[in-house]
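Trainee: Take a look at this one; I'll ask things after.
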Amino acid sequence: MRRTEARRLGGKGLTMRRGLFAALPLCLLATACATKGQVRLLQNEIGSLRIETARRDSVRAAALAAIIGLQQRIFDSLAAGREALRNFDVRIQADLTGVQRQLLQVQELTGQSQSRLSELKAQLDQRAEQSEVAGMTRPSTPAPGDSVAGTPPAAPVPTADQMYQAARLQQQRGAAGTARRGFQELIRVHPSHELVPEALFYIGESFASGAPDSAVAYYTQVVSRFPRAAKASTSLYRLGRLESGRNNSAAARAYYDRLIKEYPRSDEVELARDALKNLRP
């Protein structure tokens, strides 16, 4: 019984082995066929990839060529612009040179005209001064019996008012030197007259633009010698302006403070307060 079962099982295993060996070639053939198909598929995919890569490279090359062309056109435009600017600068420089030459010619002509005008003004001032001096010193016609025979009449001495008005007239005409000499003569001839502070002030005015130190000296005389004079407060204000113009803020502040303290009702007080606000610390 057991032998019969063993034989039956052994025969069955032999049959199975025979079937397996018979199917093995078919499996190998199927495996070989599948590998060739995959190779062909892979080859097709590689070919398609190459074609797509070539197409993309062609597109990129065309785009790059367009960019390079655009860049070259931009460079050409920039070069043309630089050349145009260079030519424009050359033309502008030439025009400026011509304008400068014309300005120099105009300045030269203006300088000559100004020099001529200054000469004419000096001549007129000299003549006016001579006329004023002649008018001040011209002797009046003596009345009969006023002088001893053979003795020339004494030249009349002009009054302080006459000398002051003559000097002011010269100053208003712009003849500062002539006016200054007139005021100085007034002070010499009439040292105690009430117009002396005015004369000192206007002498200071004649020096203000060209010789500020001399102007300071005369303004200071007005303040120190004639503190009650009408020009005393004005002289203090002028002193403050002169020192402010010379960037001497401390001295200018001292003059303005003194003006406000000593002459609170003068016309220059508000001007002094405004000037103090604008002084540099």
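Trainee: Can you tell me which residue among 225, 273 is over 23 Å from residue 163 (Cβ atoms) and free of Cβ contacts under 8 Å to residues at least 60 places away in the same chain?
Mentor: Only one candidate qualifies: 273.
Trainee: Further question: Would you confirm, using the coordinates I've provided, whether residue 244 is at pLDDT 95 or above, among the polar types (S, T, N, Q), surrounded by 13 or more Cβ atoms within 10 Å (Cβ to Cβ) and touching a helix residue (DSSP H, G or I) at 6+ places or on another chain (Cβ under 6 Å)?
Mentor: no
Trainee: For region 248-268, enumerate the residues that are surrounded by fewer than 17 Cβ atoms within 10 Å (Cβ to Cβ) and closer than 26 Å to residue 202 by Cβ.
Mentor: Restricting attention to region 248-268, the residues satisfying the condition of being surrounded by fewer than 17 Cβ atoms within 10 Å (Cβ to Cβ) are 248-251, 254, 257-258, 261-262, 264-265, 267.
248, 251, 254, 257, 258, 261, 262, 264, 265, 267, listed by residue number.
Trainee: Something else: Please give the number of the condition residue 218 fails out of (1) in contact with a Lys or Arg (Cβ under 9 Å, 6 or more places away or on another chain); (2) surrounded by 21 or more Cβ atoms within 10 Å (Cβ to Cβ); (3) among the aromatic types (Phe, Trp, Tyr).
Mentor: With respect to (1) in contact with a Lys or Arg (Cβ under 9 Å, 6 or more places away or on another chain); (2) surrounded by 21 or more Cβ atoms within 10 Å (Cβ to Cβ); (3) among the aromatic types (Phe, Trp, Tyr), residue 218 is out only on (1).
Trainee: Additional query: Answer yes if at least one residue in region 192-202 is at pLDDT 95 or above, among the aliphatic types (A, V, I, L, M), assigned to a loop (DSSP other than H, G, I, E, B) and touching an Asp or Glu at 6+ places or on another chain (Cβ under 8 Å), and no otherwise.
Mentor: Among the residues of region 192-202, at least one is at pLDDT 95 or above, among the aliphatic types (A, V, I, L, M), assigned to a loop (DSSP other than H, G, I, E, B) and touching an Asp or Glu at 6+ places or on another chain (Cβ under 8 Å), which makes the answer yes.
Trainee: From 109, 78, which residue is among the aliphatic types (A, V, I, L, M) and modelled with pLDDT of 80 or more?
Mentor: 78
The values are calculated or read from the model by the stated rules, or taken from the named source; none is laboratory data. On a predicted model such as this, the values are computed, not experimentally measured, just so you know. Positions of Cβ are backbone-derived with ideal geometry, glycine not excepted, and every protein chain shown enters the neighbour counts.
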